[in-house]
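Worksheet for the structure shown next.
The values are calculated or read from the model by the stated rules, or taken from the named source; none is laboratory data. Quick caveat: nothing in here was measured; it's all calculated off a predicted structure. Here Cβ is always computed from backbone atoms with ideal geometry, including for glycine, and neighbour counts include all displayed protein chains. Calculation scope for accessible area: heavy atoms of the full protein, side chains included, ligands and nucleic acids excluded. Shrake-Rupley method; radii C 1.70, N 1.55, O 1.52, S 1.80 Å.
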Amino acid sequence: MEERKPLKRHKALQPFSREHHHGLLLCWKIRKGFLSKVDPMRIKTYADWFYKTHLIPHFSDEEKFIFPILGEEHEHIKKAMAEHRRLARLFEDKEDIARNLNRIEEELERHIRFEERVLFPEIQDIATSEQLAQMTEMHDSVTFKENNEDPFWL
């Protein structure tokens, strides 16, 4: 198996990568909930909280501060924007909760891996120091606060 080198992330993108870590934890919690036979509505309640509290602002900040660096016509930006829209539809769909949660878990993880392994390195390579400074200034990284009302994943 090929060993992956750790990705060196520019300071301006590190808050976004930390937020991605919490998104990956959401995917893990969904998987853990299903493995533990947790009622999908309990998982959906947590996923909805995460979406409203963390993902909506995260997507918005990426679209405002990161994506313009490559431009809306760039293939990677088009892909990321389409994935944001698809994920939003999955979170907002109230039909077939278990199926949607499974799709959220798979698609969110794939989306985060794409941004971390493909999109962010490209952004880092072409962003000017002014763009990176502006990104650092404009994106206020909020400390993650967990919702422990129903820790179904424990």
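Just a few scattered comments:
- Relative to the dominant Cα principal axis of the chain, helix 97-114 is inclined by about 20°.
- With every protein chain in place, the chain: carbon and sulfur % of accessible area (1.4 Å): 52 percent
- Accessible surface for the chain, divided over its residues, is 60 Å² per residue with a 1.4 Å probe.
- Of the residues 76, 21, 84, the one with the largest accessible area comes first in the ranking 21, 76, 84, computed with a 1.4 Å probe on protein heavy atoms.
- Remark: for residue pairs 78/145; 44/145; 11/64; 8/52; 29/78, the C-alpha separation exceeds 20 Å in 78/145; 8/52; 29/78.
- Rounded to the nearest 10 square angstrom, residue 48 shows an accessible area of 30 square angstrom against a 1.4 Å probe.
- Accessible area, probe 1.4 Å, largest first, for residues 9, 117, 103: 117, 103, 9
- Heavy-atom SASA rank of 49, 153 (probe 1.4 Å, accessible area, largest first): 49, 153
- Label sites at residue 24 and residue 125, each approximated as a point 7 angstrom past Cα along Cα to Cβ, lie 2.1 nm apart.
- For the pair residue 49 and residue 34, the difference between a 0.36 nm per residue extended length and the Cα-Cα distance amounts to 3.6 nm.
- Only protein heavy atoms count here; under a 1.4 Å probe, residue 36 has an accessible surface of about 60 Å².
- Hypothetical label at residue 9: residues of region 34-63 whose amide nitrogen lies under 20 Å (7 Å Cα-Cβ projection): 50-63
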